[in-house]
Amino acid sequence: MVTYTMTSSLYFITFGMGASPFTNIEAVKIFCQNMCVSILLNYFYIFSFFGSCLVFAGQLEQNRYHSIFCCKIPSAEYLDRKPVWFQTVMSDGHQQTSHHETNPYQHHFIQHFLREHYNEWITNIYVKPFVVILYLIYASFSFMGCLQISDGASIINLLASDSPSVSYAMVQQKYFSNYSPVIGFYVYEPLEYWNSSVQEDLQRLCSGFTAVSWVEQYYQFLKVSNISANNKTDFISVLQSSFLKKPEFQHFRNDIIFSKAGDENNIIASRLYLVARTSRDKQKEVIEILDKLRPLSLSKSIRFIVFNPSFVFTDHYSLSVTVPVLIAGFGVLLILILTFILVIHPLGNFWLILSVTSIELGVLGLMTLWNVDLDCISILCLIYTLNFAIDHCAPLLYTFVLATEHTRTQCIKRSLQEHGTAILQNITSFLIGLVPLLFVPSNLTFTLFKCLLLTGGCTLLHCFVVLPVFLTFFPPSKKHHKKKKRAKRKEREEIECIEIQENPDHVTTV
C-alpha cells in the first residue's frame, strides 16, 4: 500500500511541477513547496492519528463494541425484545455470526453482492463482448474529444455565473467576436513625431490594425489644412494651439503627455489604440498578435508597450497547453523509471500505467466534449486524476498479479472480493461530496464539478468493468502457479508412506 501510494505522490508532484498554470518561476517554487508540505503532512497524518484510529476501530470491532457509543453490543436475544429503532442503532449487522468469527466483513451486503452476484456476472463469457464494445465506444469518444481541446482563456470562466459581466461577455462574443480587444499602444519615451522615418515606423507597426490614433488624425489635419510642421517647434505649437483645441479632437488631450523645460515643450509619452480583425479562433490570433508586437517593442527604435486587461488571462493561458506538455513529458519518463524500481511486480506496473493513461485520456476527452476548456481548474483536476486513478487501480491490479489461483478469472474474482467494497465505498463517497458544488454560482466551480465527476466515473468504470474483463484476456498467465502446485502435490505423494508394525494392535501412520 505504501509503495503505490508513494508512486501516486510522485506522479502528483512531478505533474504538478510540469502542468501547473503558473508561468513565473517564484510562483512555481511556491506551488512545489506547498505540494511537498501537503504530502508530507498527509503521510504524517496517515501514519500517526489516522493509523491509530484504524487500530482503535479494529479493536472495537473485534471485541464487539459499538463504533460510535463504544459500549458492548447487546446479544441477539436482548435486541429482539427491543424496538426496531434500538435494534437499528445498536446492531453491528453480524448478530447471526459467531463471536469468534475471523472475518465478519465477509457478511457486508456490498461484499456479499460482489461475491455472489457481480463477480459471476462480469466474468461471464457472454458479458465480455459487450464490455469490449463499451470500451471501444469510450475510447472513441475520448479520442474525438482529445482532438478538440481548446484552452480556456475566456474571462467568462472566471466570473460568477449570475454576474452581469457574463451577459456582456457572451453578447460580445456572439456579435463582435470578429474583433480583438482594444489594444493600448503606449509610447513611453520621447519620440520625434515630426520625423518622416518615425512616421513610417509608426505606420508599419499599426498596419493590419484599425487604429484610433491622435498621430494619424493630426497628420490628416496637417494635410487638409496645408500646414507644414517639419520641425519640433512647429509640430508641437500647431498641436497645442490648433489641433487639440478643436472640439472633435479634444478627447486626444488625455493621450498626450507634455513636459515643459524652460520655454520649450516636449512630448514625453503618448498612447493610441489598436483593434485587429480576427476570425472565430479569436484567442489564438490575439496570442499571435502579442507574440508579434512584443518582440518589436524591444528591437525597434520606438519604445512602446501593448496592453489590455484581458492580456493578463491571455498570458496566463497561452502557456497552459504547451509548457505543461513539454515539462511533464520529462516528468512522465522520470516517474516511469522510479515506479519500475518501487513497485512489487513489473507486469503490475505495466497494467497500472495503461489503466492510468486510459483514465487520464478519457477524462481529458470527455470533459472537452462536455464544453470544459483547458483552464487552471481543469489542469489541476487532470493532475489529481493521476493520483486518484493510481490509488484505486493499484491494489486491484497488484492483488491480481500476485494471486496464485489456477485461472485469471479466479484471480480477478479474488481481487474484487478483497478491494471492490473499499473502492466502491470510496468513489461513492467522493461523488456524493461533489453534490454541493452544483449549488455554487461560479463557472469555475462548475468546471471543477464536471472534471471531478468524470474522474470518479472513469475510475469506477475501469475498476469494475474494464479491468475485470481485460485481465482475463491478457497476461499475466497463471499456468506457472498451476504447475508449481502440481509439482508440490506430486512430491508430497512420493514421500508419504504407511508403516505397519508387527503388533497388530498398534498401527502408526507416518
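Some values worked out for this structure:
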{"read-out": "Cα-projected label distance for A57 with S161, points at 7 Å along beta-carbon direction, nm", "value": "3.3"}
{"read-out": "Modelled FRET efficiency - R0 25 Å, Y126 with F439, Cβ distances, 0.05 increments", "value": "0.05"}
{"read-out": "Neighbour net charge for H251 - beta-carbon separation under 13 angstrom, K R +1, D E -1", "value": "+2"}
{"read-out": "Whole-Å distance, taken between Cα centres, linking segment 239-263 and segment 363-425", "value": "68"}
{"read-out": "Accessible carbon and sulfur surface of segment 120-183 relative to its total accessible area, %, 1.4 Å", "value": "69"}
{"read-out": "Cβ-derived FRET efficiency at R0 22 Å, S225 paired with S197, nearest 0.05", "value": "0.45"}
{"read-out": "Potential lengthening between F307 and E248 on full extension [0.36 nm per residue; Cα-Cα distance subtracted]", "value": "18.7 nm"}
{"read-out": "Surrounding net charge for L239, when Lys and Arg each add one and Asp and Glu each subtract one, Cβ distance under 12 Å", "value": "+2"}
{"read-out": "Where I390, I46 fall by accessible area, highest first, once all protein chains stay in place (1.4 Å)", "value": "I46, I390"}
{"read-out": "Extension gain, Q172 back to K82 (0.36 nm per residue minus Cα-Cα distance, nm)", "value": "25.6 nm"}
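The values are calculated or read from the model by the stated rules, or taken from the named source; none is laboratory data. For clarity, every value in this text was computed on a predicted model and none was experimentally measured. Note: ideal-geometry Cβ built from the backbone for every residue, glycine included; neighbour counts use all protein chains shown. Protein only, heavy atoms only, side chains kept; ligands, DNA and RNA dropped before computing areas. Shrake-Rupley method; radii C 1.70, N 1.55, O 1.52, S 1.80 Å.
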